[in-house]
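The values are calculated or read from the model by the stated rules, or taken from the named source; none is laboratory data. Everything numeric here is computed off the predicted structure, so don't read it as measured data. In this analysis, Cβ positions are derived from the backbone assuming ideal geometry, glycine residues included, and neighbour counts consider all displayed protein chains. Calculation scope for accessible area: heavy atoms of the full protein, side chains included, ligands and nucleic acids excluded. Shrake-Rupley method; radii C 1.70, N 1.55, O 1.52, S 1.80 Å.
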Amino acid sequence: MSKPRVIYWFRTDLRLHDSPALKAALDLNPEAFYPIWCWDSHYVYRARVGVNRWQFLIDCQNDVSQSITKLNPKSKLFVLREPAVTLLPKLFKKWNITHLVFEKDTDAYAKARDQQVLESAKSAGVQVIIKSGRTLWDSDEIVKANRGQPTMSLTQLQNAGNRLGDIAKPVETPTSWPDPGDMDVDFEHQLPHPHPDFNEEGRNGIDWSFQSGIAGPNGDFSAPTLDELGFPPATTPYKGGESVIMRQLEELLADEEFIGKFEKPKTSPAAFSPQSTCLTSPYLHFGALSCRYFYHKVEEILVRRRKQRKTVSTPPTSLHGQLLFRDMYFGAQAAIGPAFSQTYNNGHCRFIPWHLPSKVDPETRLVTGGYEVDDEEKEQWLHRWTHGMTGFPWIDAIMRQLRLEGWCHHLARHSVACFLTRGGCYISWERGAEVFEELLLDHEVSCNAGNWQWLSCTAFFSQFYRCYSPVAFGKKWDEDGEFIRKYVPELRNFPKKFIYEPHKAPIADQRKAGVRITGNGSQTTQDGVPIYPKPMFDFSERRDICMQGMKDAYKAGMYGNDPKVLDGTWPSAFSDNSEGPTAGNEAGPGGLSSWQEADGSEEVFAEIGLPQNMSKPHGKKRQASQSTLDGSLMKKPGKK
DNA sequence: CGTCCGGTTGGGACA
DNA sequence: GTGTCCCAACCGGAC
């Protein structure tokens, strides 16, 4: 019998420590072992990925590659420039593969992709081993233990977890690494279709990461560079990689007071250099840090402190609580599926007639990626929020920190999310989720969608009268406005008295601080003088309007799968002057205020085999992150 | 892990 | 010692 020839397919598990899937692969004692990464067109073109997350991913890939090479100089992370669905069948054949091993993924897109890979493996006679390692418990098992229902509260998650038993102990880190086999990739290189490219706006050049052949420009299977992807240099100060976080974690764990007494609500959203929290989320996202490893390391400290009769914090506010919330969102997504990241046809998401609603396809019941501009003013508010030009310094500082660094504190996210949705703009949480998707290093589909639902009071949380003030909340943490001075530098020298409401400062104070408070954010200087915009609305006025709107929507009591939401008769449940596009008795499905049939652009994409829900967005380049498999592929003439 | 407002409480200054 | 005023700190309710 021939010895195993194994492909280990790295995805969002870019680590060597505590990887049950990697251990299972190595336990096969393979004759040839191929640790690979398939460069995926979904990530390159169809997901919204900003430059900072690109850099972080590439850091993680290079780091794991170096760790592999340390164990075996003949090996590394072999990055192959072709999507898995077309590439793997060719590799199975060319490399005589007997086993394919990977970590289980729960995102809708990844699930569809993996299903397709599973089928091709089956027909090629390749054995597939899949292990769970991305969450504390296997999310599908959690759902079963929760009577098939999505985990919509931490208690549900904890009860389901208790039924499943203890969180798996970390598995050992490999100390040796088998040789790869022959690396022949002399077969047809199938290029993914580059259109539509939703990351076009972020690029300053064209993407040519697929153009240089399967093994890349040097033929050495290296990870693409930002330059190859057509991106400018990244601006984040954070560096990806398993070895980076393992070093940082050692320092974090050394501070047993901090770990043992950690309470999220007591950490400051205004703290920077250093931040008030651990900043492990980007590493958890890419799997550079195992959540189970982290959980058990924290547990060791808690056990020690309990023995010493020292105080320990508990879920939901403790560090364990944060990891449990993550599992809760994964469990919710695992049960609800692709609809989890949208309102339409989501029975667990309250229907609220937000402005700028997502366009939907009543056939597939998925969002199409575009949104409707029901009100030009709201479109401008969204733009100003996105770019940190709202005229509310606390909000703008957070949004600029997010864009620049790819991260902001959890409570800061609360603040800006509340402001965009139920506590200010009354704009769809799905618009905010898209912006976060692009900008966050730690963007996790389930956590992002779940937290936006939480903050907008459409699911998980419902006390909409708890509304963050863009002035008071920041002041509570940072009276002097140091955070604002750091990220909104035009206000650096503004008097403390007015730093949260600069438009209230007398002209003399403005002149002294070297900035004028004027305009709508479309300019940064006027007559050579730096300017900062006036607030884009009266906050307390907007808060009252939003709260009344939320009351109306809660009274209507509809969810995303309500027949009236599905067929567009939902406005009959609202008075015409309720906030949002609520006039009349009929509108479009979802929260749309009108409904037109496809405008023709959809057909173009249908032609190249793009699934409906990934069809070109109307007007703006936007798309759903959680969508079905990107099947759009085209053949490059000739061989590699 | 909301904010605002109004009412109560309690300590200190002072008559 | 006691009454009164002031104000900050705290608390509970409404939204």
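Counted by Cβ distance under 14 Å from A:P506, the other residues give a net charge of +3, where Lys and Arg count +1 and Asp and Glu count -1. Taking packing as the residue-averaged number of other Cβ atoms within 10 angstrom, the listed peptides A:278-287, A:356-365 run from highest to lowest as A:278-287, A:356-365. Think of chain A as a dipole: +1 on every Lys or Arg Cβ, -1 on every Asp or Glu Cβ, centred on the Cα centre; then among A:I484, A:G580, A:G521, A:I484 lies furthest on the positive end. Once backbone amide H atoms are built at 1.01 Å from N, A:S19 has A:V171 as its partners under 5 Å, excluding neighbours fewer than 5 places away on the same chain. Among the GluC sites (Glu not before Pro) found in segment A:142-210, those both in a DSSP coil and sparsely packed, with 12 or fewer other Cβ atoms within 10 Å of their Cβ, are A:E172. Residue pairs exceeding 26 angstrom between C-alpha atoms, taken from A:K144/A:K307; A:K104/A:K266; A:K23/A:K74; A:K76/A:K239; A:K486/A:K534: A:K144/A:K307; A:K104/A:K266.
Note that segment A:1-133 carries a Kirkwood radius of 15.2 Å, evaluated over its alpha carbons pair by pair. Note on chain A: dipole from Cβ charges, positive end direction compared against A:P73, A:G202, A:V117; the farthest Cα belongs to A:P73.
Put simply, the amide H of A:I517, placed in the peptide plane, has neighbours under 5 Å in A:Y532, leaving out anything fewer than 5 places away on its chain.
The reciprocal of the average 1/r between distinct C-alpha atoms defines the Kirkwood hydrodynamic radius, which for chain A equals 25.9 Å.
Heavy-atom accessible surface of segment A:189-237, averaged per residue, reaches 42 Å², computed with a 1.4 Å probe.
Peptides A:440-448, A:480-488 ranked from most to least packed, by the mean per-residue count of other Cβ atoms within 10 Å: A:440-448, A:480-488. Rounded to the nearest 10 degrees, the inclination of helix A:445-455 to the longest alpha-carbon principal axis of chain A is 20 degrees. Helix A:539-556 and the longest principal axis of the C-alpha atoms of chain A enclose an angle of approximately 60°. Considering only alpha-carbon pairs that sit under 8 angstrom and 6 or more positions apart, the relative contact order computed for segment A:1-133 is 34 percent. For chain A, the relative contact order comes to 17 percent (Cα pairs under 8 Å, sequence separation of at least 6). Max-minus-min Cα coordinates of segment A:242-291 on each principal axis give 27, 21, 19 Å, with the largest extent listed first.
Electrostatic bookkeeping for A:R365 treats Lys and Arg as +1 and Asp and Glu as -1; over the other residues with beta carbon under 14 Å from its beta carbon, the sum is -3. About its Cα centre, the dipole of chain A is roughly 1820 debye, where the only charges are +1 on Lys and Arg Cβ and -1 on Asp and Glu Cβ.
With contacts taken as Cα pairs under 8 Å and at least 6 residues apart, segment A:282-370 reaches a relative contact order of 14 percent.
The H on the amide N of A:G369, modeled in the peptide plane, is under 5 Å from the matching H of A:K359, A:A624, each at least 5 residues off or on a different chain. Annotation for segment A:205-255: chymotrypsin sites (Phe, Trp or Tyr not before Pro) lying in DSSP loop with at most 16 further Cβ atoms inside 10 Å of their Cβ are A:W208. Backbone phi angles across segment A:494-500, fed through the Karplus curve with coefficients 6.51, -1.76 and 1.60 (θ = phi - 60°), yield HN-Hα couplings of 6, x, 3, 4, 10, 4, 8 Hz in residue order; Gly and Pro are listed as x. Among A:544-556, A:33-45, sorting by the average number of other beta carbon atoms lying within 10 angstrom of each residue, highest first, gives A:33-45, A:544-556.
Please give the calculated 222 nm ellipticity per residue for chain A, where each DSSP H segment of at least 4 residues contributes -39500 (n - 2.57) and the sum is spread over every residue; nearest 500 deg cm²/dmol?
-11500 deg cm²/dmol
Once the C-beta distance of A:R247 and A:K564 is scaled by a Förster radius of 56 Å, the resulting FRET efficiency is 0.55 to the nearest 0.05.
Projecting the Cα atoms of A:P495, A:G388, A:L57 onto the charge dipole of chain A (Cβ charges, centred on the Cα centre) puts A:P495 farthest toward the positive pole. Counting only protein heavy atoms, what percent of the accessible surface of segment A:1-133 is carbon or sulfur at a 1.4 Å probe? After summing per-atom areas, the C and S share lands at 51 percent. Taken per residue, the accessible surface of segment A:1-133 reaches 32 Å², heavy atoms only and a 1.4 Å probe.
In chain A, the longest principal axis of the Cα atoms and the axis of helix A:291-307 are about 70 degrees apart. Computed from backbone phi with θ = phi - 60° and the Karplus coefficients 6.51, -1.76 and 1.60, the 3J(HN,Hα) list for segment A:26-39 is 5, 5, 6, 6, x, 7, 9, 10, 10, x, 10, 10, 9, 6 Hz; x is used for glycine and proline. A:D140 to A:K475: FRET efficiency via 1/(1 + (r/R0)^6), r the Cβ-Cβ distance, R0 51 Å, to the nearest 0.05? Once the sixth-power term is evaluated, E becomes 0.70. Ligands, DNA and RNA left out, the 1.4 Å accessible surface of segment A:349-470 is 50% carbon and sulfur atoms. Evaluating 6.51 cos²θ - 1.76 cosθ + 1.60 at θ = phi - 60° for every residue in segment A:201-212, the Karplus couplings come out as 4, x, 7, 10, x, 9, 7, 10, 5, 9, 7, 9 Hz, glycine and proline recorded as x.
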